[in-house]
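K.L.:
First the structure, which I've put down as structure tokens, then a few questions once you've had a look.
Every number in this text was worked out from the coordinates using simple rules, so none of it is lab data. Given the structure is predicted, the values throughout are model-derived calculations rather than measurements. Using ideal geometry, Cβ is built from the backbone for each residue, glycine included, and neighbour counts are taken over all protein chains shown.
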Ligand SMILES: C[S@@+](CC[C@H](N)C(=O)[O-])C[C@H]1O[C@@H](n2cnc3c(N)ncnc32)[C@H](O)[C@@H]1O
């Protein structure tokens, strides 16, 4: 019965046209996403494809190099050591992968793995996308950057930049195709990746199970990678959110209403593990995202 109701409401929403949301300024949290009509519990609001994504470094050969889908059984033939789940994914990755294949990434990978870094892989992919013409160098500029307080953090980023730049230089890339690749560009991109990256956890359930579930927590596997999106990056945080972001079989994100939402109400997702206590949540939000949370749950001390 519940499933039927959810399917009907989703079908009705789809028939109504564009997603029922708009991006606007909030009073105290920068831009945010607002409902343009009443939204019932469980409705899928919209989906989103990533601007840039990358598999977890430890799963490079276990998930699709393009869409992060988990390898099933033996999978398809890999290309350059990487796995692609379909010809469409191989074709989609062709531009950046062809650029990437021209260079020796061992120093870059050693640098990242010895320091446990994952975000430089996203910058590397974006750089390859820009060189191949698949992305503009300024495509992340619209996203909010993280505020950098520590000089040491900048030094660390500059060190990463040098490793990336010298990999392209050693591979013989012409200066004119990498002119965008400056220290400023690297820091600019990385500060945006730092607060707008989603850790992708694929839901180990069927689409129907998900439709019938109104719970915020749905069981999932460990993270298969990281991705940055446009629209999902405008959602602000709440420790008791009215909206949830989920991934089913690949990196394409789906946003879903967790309860009835009124027209004009702000849609918020939870950036962190909701099961933590208020002090742990405040610490992580301050350190990782640079804000103090004043949501009703935090104000009540829960
Ligand atoms: C992913 S962005 C969300 C969109 C952002 N407001 C914008 O204008 O692009 C995350 C940033 O939004 C702000 N933010 C998100 N949730 C907030 C909240 N509950 N209270 C205050 N600021 C918040 C913080 O500056 C945070 O670093």
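K.L.:
How large, in Å, is region 61-195 by the Kirkwood hydrodynamic radius built from its alpha-carbon pairs? Display every interim value, and only then the final one.
P.N.:
Working: mean 1/r = 0.0629 Å⁻¹.
Final number for the Kirkwood radius of region 61-195 is 15.9 Å.
K.L.:
Would region 86-161 count as rounded, prolate or oblate if I go by the C-alpha gyration tensor, calling it rounded below 1.5 in a/c and otherwise prolate when a/b exceeds b/c, oblate otherwise? Could the numbers behind the result be given before it?
P.N.:
Numbers: a/c = 2.47, a/b = 1.43, b/c = 1.73.
Oblate, because a/c is 1.5 or more while a/b does not exceed b/c.
K.L.:
Kirkwood hydrodynamic radius of region 34-128 from all distinct Cα pairs, in Å? Can you show the working numbers first?
P.N.:
On the way: mean 1/r = 0.0653 Å⁻¹.
Averaging 1/r across every pair of different Cα atoms and inverting gives 15.3 Å.
K.L.:
According to a simple spin-label model (label point 7 Å from Cα along Cα-to-Cβ), what is the distance in nm between residue 175 and residue 280?
P.N.:
Those two pseudo-labels are separated by 5.3 nm.
K.L.:
Where does each of 247, 185 land when they are ranked from fewest to most other beta-carbon atoms within 10 angstrom?
P.N.:
On the way: 247 22, 185 18.
Least crowded to most crowded, the residues run 185, 247.
K.L.:
Here's something else I'd like to know. Could you tell me what percent of the DSSP beta bridges with both partners in the chain are antiparallel, to the nearest 5? Write down the numbers at each step before the final one.
P.N.:
Numbers: 28 of 31 bridges.
Of those bridges, close to 90 percent are antiparallel.
K.L.:
With a Förster radius of 25 Å, plug the Cβ-Cβ distance of residue 149 and residue 199 into 1/(1 + (r/R0)^6) and report the FRET value to the nearest 0.05. Present the calculation step by step, with values, prior to reporting the outcome.
P.N.:
Values: r = 23 Å, r/R0 = 0.93.
Efficiency at R0 = 25 Å is approximately 0.60.
K.L.:
Of the listed peptides 18-28, 89-99, what is their order by residue-averaged count of other C-beta atoms within 10 Å, with the highest listed first?
P.N.:
Values: 18-28: 13.1, 89-99: 18.3.
In decreasing order of mean packing, 18-28, 89-99 become 89-99, 18-28.
K.L.:
Give me the extension gain from residue 94 to residue 182: residue separation times 0.36 nm, minus the current Cα-Cα distance, reported in nm with one decimal. Write down the numbers at each step before the final one.
P.N.:
On the way: separation 88, 0.36 × 88 = 31.68 nm, distance 2.45 nm.
The residue 94-residue 182 span can extend by a further 29.2 nm.
K.L.:
Put a dot 7 Å past each Cα toward the Cβ at residue 86 and residue 249; how far apart are the dots in nm?
P.N.:
Result for the modelled spin labels: 0.7 nm.
K.L.:
Additional query: Can you compute the helix-only [θ] at 222 nm over the chain? Use -39500 (n - 2.57) per DSSP H run of at least 4 residues, normalise by all residues, nearest 500 deg cm²/dmol.
P.N.:
-11000 deg cm²/dmol
K.L.:
Report the equivalent ellipsoid semi-axes for region 222-302 in whole Å, largest first, defined as the square roots of five times the eigenvalues of the gyration tensor built from alpha carbon atoms.
P.N.:
On the way: eigenvalues 94, 59, 27 Å².
Over the Cα atoms of region 222-302, the ellipsoid semi-axes are 22, 17, 12 Å.
K.L.:
At a Förster distance of 22 Å, what's the computed FRET efficiency of residue 101 paired with residue 136, Cβ-Cβ distance as r, to 0.05?
P.N.:
Details: r = 22 Å, r/R0 = 1.01.
After rounding to 0.05, the efficiency reads 0.50.
K.L.:
Quick one: go through region 228-272 and flag any residue whose amide nitrogen is under 17 Å from the point 7 Å out along the Cα-to-Cβ line of residue 31.
P.N.:
228-237, 266-269
K.L.:
Right, another one. Normalise the Cα radius of gyration of the chain by 2.2 N^0.38 Å (N = residues in it) and let me know the number. All intermediate terms of the calculation are to be shown ahead of the outcome.
P.N.:
Details: Rg = 20.3 Å, N = 302, 2.2 N^0.38 = 19.3 Å.
In units of the 2.2 N^0.38 Å rule of thumb, it is 1.05.
K.L.:
May I pose another question? Test of understanding: in a Gaussian network model of the chain with alpha carbons linked when under 10 Å, which of 29, 227, 146 would top the mean-square fluctuation ranking?
P.N.:
So, out of 29, 227, 146, the one fluctuating most is 29.
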